[in-house]
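The values are calculated or read from the model by the stated rules, or taken from the named source; none is laboratory data. These figures come from a predicted structure and were not determined experimentally. All Cβ positions, even for glycine, are placed from backbone atoms using ideal geometry, and neighbour counts span all protein chains on display. Heavy atoms of the whole protein, side chains included, go into the accessibility calculation; ligands, DNA and RNA do not. Shrake-Rupley method; radii C 1.70, N 1.55, O 1.52, S 1.80 Å.
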Amino acid sequence: MQRSLSIEPEKCTGCLQCELACSLDNEGAFNPSKSRIRVFKFEDEGRFVPYTCTQCAEAWCLKACPVDAISLDPETGAKVVSDALCVGCKVCTIACPFGTINYNQDTGKVIKCDLCEGEPECATACPTDAITYIDANWTGLERMRAWAQRTDAGAGAAE
Amino acid sequence: MAWTGKILRVDLGTGTCASEPLNMEWAQNYLGQRGLATKYYVEECDPKVDPLSPDNKMIMTTGPLTGTCASTAGRYSVVTKGALTGAIACSNSGGFFGNEMKNAGWDMIIFEGKSANPVYLLVENDNARLLDASEFWGTSVWDTEEGIKKKHNDPHIRVASIGLSGERGVKFACVVNDMDRAAGRSGVGTVMGSKNLKAVAIRGTQGVRVKDFAAFRAATDAGKAVLAENAVTGQGLPAYGTQVLMNVINEVGALPTRNHLDVQFEGAGDISAEKMVEKRQSDGKANLITNAACFACTIGCGRVSQIERTHFTVKDRPEYQGAKGGLEYEAAWALGAATGVGDLDTLTFANFICNEQGFDPISFGATVGAAMELYETGVITKEQTGGIELKFGSAEALAEVTELTGRGEGFGAEIGLGSKLLCEKYGHPELSMSVKGQEFPAYDSRGIQGMGLTYATSNRGACHLRSYTVASEILGIPEKTDPLVADGKAGLVKAFQDATAAFDSSGLCIFTSFAWTLEDVAPQIDAACDGEWSAERLLEVGERVWNLERQFNLAAGFTGKDDNLPARLLKDAAKAGPAKGLTNQLDKMLPEYYEVRGWTPDGVPTNETLSRLGV
Ligand code: SF4
């Protein structure tokens with residue numbers, strides 16, 4: 001069973017623990033500027049929104065790469081960049097409609113979320129459960145449950 | 001490790017920026033941030049220096065944990081001689097600026113001299129330069145922050161700046177970063193303004209490293225678990241913010257009201273945390289939109305608030321109608337109870353303006369309270385206020401005087417003197433509710449005895465963030481003591497002061513200490529920093545810092561006589577509540593305090609104490 005990152009912005013406080021965990025795992029230092037997940041703050045609305053790669057089934061980045069540096073990890077479903085193969089042409093960054101694959105000047109390669117080989121550090125670090133790692137087929141389950149509770153279907157059974 | 005080992009020295013007179021190595025021996029003795037920057041400051045500055053002269057220096061400083069994943073590890077401080085107090089000042093701020101400074105590779109930035117023209121410092125990793133700030137001078141903190149990001153086409157730049165109040169000499173101006181986080185007290189923003197330094201803008205991408213990443217992860221995870229499980233840091237603060245205290249402190253009869261004339265405020269419920277989450281009848285929305293965290297903080301006590309759009313303060317002013325940094329307890333108290341104003345949205349508006357123009361809501365609200373008393377007793381007239389009816393409880397007067405103070409105009413310039421100079425000017429020094437020139441925060445020391453000693457002996461003037469004995473006396477952390485008795489408070493205050501100085505030197509937020517002791521902090525520092533760090537060693541660092549600050553103040557001209565409280569708290573008994581009939585018993589606590597500190601009966605550290613601590 002594959003799992004997906006599920007993001008619930010309404011729980012996010014903007015603490016950036018996810019960015020710290022991501023950069024530590026990938027860069028060996030606390031460096032939010034190199035995080036594969038980014039948290040956006042919408043000042044006037046008081047909203048914080050974490051955003052990262054959703055691992056498209058038919059990934060634009062993977063298809064666009066001219067040197068096949070991006071491959072599918074069949075275990076996790078992650079699209080993973082091979083540093084050995086990437087030539088830093090940045091075509092994938094143009095192809096991705098969501099902007100979640102980005103160039104890293106320091107290495108001359110692109111960086112994106114690889115789901116940490118099935119144990120995403122951001123989800124582990126998030127103190128509010130705004131990021132969780134759940135069944136890829138049922139990322140909507142909690143929202144369904146919340147709406148289900150608000151209907152009156154089955155109310156008679158309680159009487 | 002943990003320290004970057006580099007200091008940026010900025011000479012505003014010559015316009016030069018230079019890198020120098022951090023004194024690692026001092027780092028081992030003073031840790032970082034408050035302690036280490038104070039050590040640099042006292043070594044480099046004449047204690048008698050005029051805070052607003054070019055000879056005064058201003059240091060922005062991080063702690064060794066700043067920029068790491070330790071919970072709340074995003075803090076930085078501004079250390080200088082305070083414009084409001086003339087004492088050593090260290091004002092601590094959260095937000096995201098501290099991390100950026102650390103990620104750019106700097107432990108500290110030392111500013112010296114004065115620029116001939118308005119400038120701002122731009123730091124991009126190793127590269128630092130002073131740039132012309134004439135387009136930002138005369139604008140608010142909010143416009144400056146936005147303007148700098150736009151100008152350099154980089155939304156990731158973090159900015160700390162001053163507003164109009166800091167440019168125009170309001171004595172309690174702050175340095176504000178990330179729109180609504182502030183190095184708030186003692187007038188550090190006034191010092192920055194006197195140097196013609198409008199802003200510090202930083203972009204850092206170098207990464208922060210610690211000694212042992214695996215041990216550090218384990219230690220910080222353990223620390224986070226303690227915070228999550230604690231009722232205050234795990235539930236109370238995220239849900240209600242520090243405002244959870246409003247009703248609690250009012251009930252124990254320690255909510256200073258109308259310039260400390262009363263100790264309970266009839267409008268407390270209307271300006272409380274509970275009110276902030278209640279849906280308004282008019283538009284069905286609550287004042288509080290959500291909570292927000294500073295960098296790396298797993299508590300998230302920050303408030304994001306929105307004022308009702310038709311409220312008189314924001315009607316036809318869309319720029320104030322969005323969500324912005326909301327009220328925390330000290331601000332709600334100062335803007336509300338201290339002035340007798342019980343309207344939540346007016347206080348929220350005043351708080352917005354404090355952030356926008358960069359001035360301390362505590363000193364501001366308390367000074368307005370003093371001015372209101374002067375007005376009601378006829379000492380200040382309507383002519384002098386420029387037509388403002390400055391009566392206790394007037395929301396309109398508060399809103400107006402807030403905007404004037406933000407711009408340093410009209411009667412706002414008088415308020416900008418702070419309560420001490422204002423009350424002296426009008427011939428009633430006794431009405432200034434302050435110590436060493438700095439106004440009290442939100443706890444009346446007749447109802448919480450330990451806070452009287454805390455205020456009297458605080459090295460930066462009256463302050464709750466130097467020894468928060470409220471934790472023990474009211475909340476029972478780490479153990480409950482009776483707020484109405486003076487016995488035993490000398491030792492309690494010393495213990496809180498020393499531990500707090502250690503927290504403030506680490507890069508962590510003092511709010512963690514609701515759940516953490518230094519036993520929780522030590523493993524985190526030990527895994528991050530070179531050397532071996534135990535709780536005992538941290539406590540000793542704290543005591544060393546406290547004595548260093550004390551020595552500076554004595555050399556600056558303060559004496560034991562300045563460890564005092566206004567007569568109102570020593571002679572006029574509390575009129576109601578559990579403390580009814582009580583005054584603060586400072587005379588019982590102070591001699592014992594000097595003794596447990598190892599100071600002479602005049603409040604001077606003995607040679608023995610100084611050499612034991614290596615000061
Ligand atoms: S760790 Fe969680 S709460 Fe913090 S910024 Fe990331 S998503 Fe938001």
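Comparing A:124, A:107, A:13 in a Gaussian network model of chain A (Cα springs below 10 Å), the most mobile by mean-square fluctuation is A:107.
Once you reduce the range B:166-208 and the range B:275-301 to the center of their Cα atoms, the two points are 26 Å from each other.
DSSP beta bridges fully contained in the protein assembly as shown are about 85 percent antiparallel. Each Lys or Arg adds one and each Asp or Glu takes one away; over the other residues whose Cβ falls under 10 Å from the Cβ of residue A:78, this sums to -2. Under the combined filter of DSSP loop state and at most 12 neighbouring Cβ atoms within 10 Å, the range A:55-106 retains these chymotrypsin sites (Phe, Trp or Tyr not before Pro): A:98.
Where is the GNM fluctuation largest for chain A (alpha-carbon springs, 10 angstrom cutoff): A:134, A:111, A:101? Maximum among the listed residues: A:134.
Shielding of peptide B:58-71 by partners, expressed as the average count of other chain Cβ atoms within 10 Å per residue Cβ, is 2.
For the residues of B:202-208, the average number of beta carbons from a partner chain within 10 Å of their own beta carbon is 5. Each Lys or Arg adds one and each Asp or Glu takes one away; over the other residues whose Cβ falls under 15 Å from the Cβ of residue B:31, this sums to -4. Taking 24 Å as the straight-line reach from the Cα of residue B:580, the lysines in range (excluding those fewer than 8 positions away in the same chain) are B:480, B:489, B:571, B:588. Derived scalar couplings between HN and Hα for the range A:86-98 equal 4, 9, x, 6, 6, 4, 4, 5, 7, 6, 5, x, 9 Hz in order, rounded to whole Hz, by the Karplus curve 6.51 cos²θ - 1.76 cosθ + 1.60 (θ = phi - 60°), x for Gly and Pro. For chain B, the alpha carbon positions stretch 58, 56, 47 Å along the principal axes, listed from largest to smallest. Of the trypsin sites (Lys or Arg not before Pro) found in the range B:362-465, those that fall in a DSSP loop while having at most 15 other beta-carbon atoms within 10 Å are B:382, B:391. Classify the range B:444-613 as rounded, prolate or oblate, taking a ≥ b ≥ c as the square roots of the eigenvalues of its Cα gyration tensor: rounded when a/c is under 1.5, otherwise prolate if a/b is larger than b/c and oblate if not. Oblate shape, in that a/c is at least 1.5 and b/c is the bigger or equal ratio. Shape analysis of the range A:1-60 places it in the oblate category; the axes a ≥ b ≥ c from the Cα gyration tensor give an a/c of at least 1.5, with a/b not above b/c. Over 25 Å apart at the Cα level, from the set B:6/B:324; A:41/A:63; B:102/B:198; B:275/B:436; B:324/B:425, are B:6/B:324; A:41/A:63; B:275/B:436; B:324/B:425. Taking every DSSP beta bridge that has both ends in the range B:6-203, the antiparallel portion is near 75%.
Residue by residue, the range B:174-182 carries 3J(HN,Hα) couplings of 10, 9, 10, 10, 6, 6, 9, 10, 9 Hz when phi is fed to the Karplus relation 6.51 cos²θ - 1.76 cosθ + 1.60 (θ = phi - 60°); x denotes Gly or Pro. Per-residue shielding of A:46-52, expressed as the average number of other chain Cβ atoms within 10 Å of the residue Cβ, stands at 3. Both chains summed, the buried accessible area for A and B stands near 2100 Å², from protein heavy atoms and a 1.4 Å probe.
Shown here for the range A:38-107: GluC sites (Glu not before Pro) in loop regions (DSSP other than H, G, I, E, B) with at most 16 other Cβ atoms within 10 Å, namely A:58, A:75. Using the Cβ of residue A:36 as centre and a radius below 11 Å, the other residues enclosed give a net charge of -2, where K and R count +1 and D and E count -1. Report note on the peptides A:67-73, B:241-247: ranked by the mean count of other C-beta atoms within 10 Å, highest first, their order is B:241-247, A:67-73.
For chain B, the antiparallel share of DSSP beta bridges with both residues in that region comes to about 80%. Backbone geometry of the range B:364-379 corresponds, through the Karplus equation with coefficients 6.51, -1.76 and 1.60 at θ = phi - 60°, to 3J(HN,Hα) couplings of 5, x, 5, 5, 4, x, 5, 5, 5, 5, 4, 6, 5, 8, x, 6 Hz, x marking Gly and Pro. Pair-distance distribution of the protein assembly as shown: all C-alpha pairs, bin width 20 Å, starting at 0; shares per bin in whole percent are 17, 51, 27, 5, 0.
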